[in-house]
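Report on the structure given below.
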Amino acid sequence: MTFRFRDYKDHNKSKLMTVDALEFIRRFLLHILPDRFVRIRHYGILSNRNRKTKLKECKKILGVIIESGQEKEEKETWEELLFKLTGVNHTICPSCSKGKMIRKIKLEPRCYSPPKLKVQIA
Ligand SMILES: [Zn+2]
């Protein structure tokens, strides 16, 4: 049995893996929780209960919050943010992975709405 998976360790690349049916079922069953168990996505300072209070406190300790209460703005470029979120570096050439991509022109958005019809009643 061959299936597609995402390798998070290798820059989130999509890969194929072949295993026998028994091994596939074993791996699949690892994702099923026992009865009455729930999966927790965030815990500690990031849990829903603490997010507003504890996270704010942590930011204050780390010096992210200015005394007036406003958070410092650290401007990230969209490339930095995209790299942080997806692990894909869009400034590197996708075919050779060596060259650096440079923006030559900015593409303006196009309008695909149908042309307006003029109706004349004589
Ligand atoms: Zn290239």
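In Å², and per residue, what accessible area does the chain have when probed at 1.4 Å with the other protein chains present?
On the way: 13020 Å² over 122 residues.
Accessible surface, normalised per residue, equals 107 Å².
Scanning the chain for GluC sites (Glu not before Pro) in DSSP loops with at most 15 other Cβ atoms within 10 Å, what's the longest stretch left with none?
Working: sites that count: Glu67, Glu73, Glu74, Glu76.
The longest such stretch corresponds to 1-66.
For the stretch 9-44, backbone nitrogen atoms closer than 19 Å to the point 7 Å from Asn89 Cα along Cα-to-C-beta are found at 9-14. On the chain, 58 percent of the accessible area sits on carbon and sulfur atoms, based on a 1.4 Å probe. The chymotrypsin sites (Phe, Trp or Tyr not before Pro) of the stretch 1-101 meeting both criteria, a DSSP state outside H, G, I, E and B (loop) and at most 16 other C-beta atoms within 10 angstrom of the site's C-beta, are Tyr8, Phe37, Tyr43. Compute the label zone of Arg49 within the stretch 13-43: residues whose backbone N is under 12 Å from the point 7 Å along Cα-to-Cβ. Hits in the stretch 13-43 for Arg49 at 12 Å: 43.
The values are calculated or read from the model by the stated rules, or taken from the named source; none is laboratory data. Here the structure is a predicted model, which means the values were calculated and not measured. All Cβ positions, glycine included, derive from the backbone under ideal geometry; neighbour counts span all protein chains shown. Note: accessible area is taken over every heavy atom of the protein model, side chains too, but ligands, DNA and RNA are not part of it. Shrake-Rupley method; radii C 1.70, N 1.55, O 1.52, S 1.80 Å.
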